Amino acid sequence: MTTHASLTVPAFEFSQGDSPLLVSMPHSGLNLTSEVQAGLTDQAKKLPDTDWFIPELYDFLESLGVGCIKANYSRFVIDLNRPYDDKPLYTTKTTGLFPDILFEDSPVFVEGKAPSDEHKAFCKEHIWTPYHGTIEQELARLKAKFGYAILFDAHSIAAEVPMLFDGKLPDFNWGTNEGKSCHEDLANVVTQILRPNYTQVLNGRFKGGYITRHFGQPSEGIHAIQLELSQATYINDELAKQSEYQLDENKRPYIMQQLKDVIEACQHIRF
């Protein structure tokens, strides 16, 4: 008998703002479907590739009147920052719409227990499509109201991931698809507001995923930028080595103030 997939919580949470800016959080979700959960390896059950605590770090958005859409399901269910047809975004090694390897290059699923094609089709219809549809509709609303819209795609990642890149990442990794997803003024504003104690790079290893590349159409008045924040800026380093994830309360106030400054700068720019 075939077990039909179902969602135990909504695919995402969306709050509408009253500024030209929308923040997207596609990789912060922690929920799993029963079929995915049943097949995960012991290491994958720890959800190591999550963009940990991104909603918590940006919990000031509502007070600034900034809209936000955040995924409720883990990227191991479906990766919302990959294209519907799963065409590769990078020529280097990476993970796809339905990840089968962890960033540490070990399997996500026990052999023979990966989700079925039926389950994948369900997730595309009930998670991917409405998430992207909501972004599209909200950016259109913001553009109609303000004359332009800005999409800020908020991510984080471990500072060292040998499968994806050599060495250690800078603290702030900005992506604008080599300048194609937004006006250069947006990149200039966010890079210039960082305090000197944080390191940064523009269009380094991370140039912006599908969301940034697809929605960022500056000629149409819609600008998109991705931030891949190093988790070394806010995670407890010692616990992370043991695949346990906890906010470092000493680092937290500093990174949150910097992120707030970045978001406010995005709000104040005009196109």
Notebook entry, point to check: What number of residues within region 32-60 are buried (at least 19 other Cβ atoms within 10 Å of the Cβ) and among the basic types (Lys, Arg)?
Noted result: 0
Next item on the list: Inspect all residues belonging to region 220-229 and state whether any of them is within 24 Å of residue 56 (Cα to Cα) and touching a Cys at 6+ places or on another chain (Cβ under 9 Å).
Entry: yes
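Here's the yes/no breakdown for (1) of a type outside the set (A, V, I, L, M, F, W, C); (2) touching a Lys or Arg at 6+ places or on another chain (Cβ under 9 Å); (3) touching a residue at least 60 places away in the same chain (Cβ under 8 Å):
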site: 160; (1), (2), (3): yes, yes, no
site: 176; (1), (2), (3): yes, yes, no
site: 213; (1), (2), (3): yes, yes, yes
site: 233; (1), (2), (3): yes, yes, yes
site: 240; (1), (2), (3): no, no, yes
Item checked: Residue that is farthest from residue 258 (Cα to Cα) [pool: residues in region 133-168 that are in a loop (DSSP other than H, G, I, E, B) and at pLDDT 95 or above] -> 147
Check: Which one is modelled with the highest pLDDT among residues in region 98-127 that are crowded, with 20+ Cβ neighbours inside 10 Å, aliphatic (A, V, I, L, M) and part of a loop (DSSP other than H, G, I, E, B)?
Finding: 108
Next item on the list: Among the helices (runs of 4 or more DSSP H) lying completely within region 174-271, list those that include at least 2 residues that are surrounded by 15 or more Cβ atoms within 10 Å (Cβ to Cβ).
Entry: 184-192, 210-215, 252-268
Note to self: Given (1) more than 21 Å from residue 6 (Cα to Cα); (2) among the charged types (D, E, K, R); (3) loosely packed, with under 15 Cβ neighbours inside 10 Å, identify the lone condition not met by residue 82.
What the structure shows: (3)
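For region 128-156, give me each residue that is within 15 Å of the chain's Cα centre (by Cα), among the β-branched types (Val, Ile, Thr) and surrounded by fewer than 23 Cβ atoms within 10 Å (Cβ to Cβ). Write out each step before concluding.
If we filter region 128-156 for residues that are within 15 Å of the chain's Cα centre (by Cα), which is where we start, we get 128, 131-132, 135, 151-156.
Next, from what is left, pick out any that are among the β-branched types (Val, Ile, Thr): 135.
Matches in region 128-156: none.
Take the conditions surrounded by fewer than 23 Cβ atoms within 10 Å (Cβ to Cβ), within 19 Å of residue 246 (Cβ to Cβ) and of a type in the set (Ser, Thr, Tyr) and apply them to residue 95. Does it pass? Explain how you work it out, then say what you get.
Working: surrounded by fewer than 23 Cβ atoms within 10 Å (Cβ to Cβ): yes; within 19 Å of residue 246 (Cβ to Cβ): no; of a type in the set (Ser, Thr, Tyr): yes.
Criteria not met by residue 95.
Being assigned to a strand (DSSP E or B) and out of contact with any His (no Cβ under 7 Å at 6 or more places or on another chain) narrows it down to one residue among 45, 70; which is it?
Working: 45 fails: assigned to a strand (DSSP E or B).
Only one candidate qualifies: 70.
Rundown of residues vs (1) touching a strand residue (DSSP E or B) at 6+ places or on another chain (Cβ under 6 Å); (2) aliphatic (A, V, I, L, M); (3) modelled with pLDDT of 95 or more, yes/no style:
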site: 202; (1), (2), (3): yes, yes, yes
site: 223; (1), (2), (3): yes, no, yes
site: 260; (1), (2), (3): no, no, yes
site: 263; (1), (2), (3): no, yes, yes
Next item on the list: Give me a count of the residues in region 6-42 that are in contact with a strand residue (DSSP E or B) (Cβ under 9 Å, 6 or more places away or on another chain) and in a loop (DSSP other than H, G, I, E, B).
Entry: 17
Next item on the list: State whether the residues of region 241-251 include one that is under 30 Å from residue 18 (Cα atoms), among the polar types (S, T, N, Q) and touching a helix residue (DSSP H, G or I) at 6+ places or on another chain (Cβ under 8 Å).
Entry: no
Next item on the list: Assess whether residue 87 counts as being surrounded by fewer than 23 Cβ atoms within 10 Å (Cβ to Cβ) and either among the small types (Gly, Ala, Ser) or farther than 21 Å from residue 151 by Cβ (or both).
Entry: no
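The values are calculated or read from the model by the stated rules, or taken from the named source; none is laboratory data. These figures come from a predicted structure and were not determined experimentally. Here the Cβ is made from the backbone with ideal geometry for all residues, glycine too, and neighbour counts use every protein chain on show.
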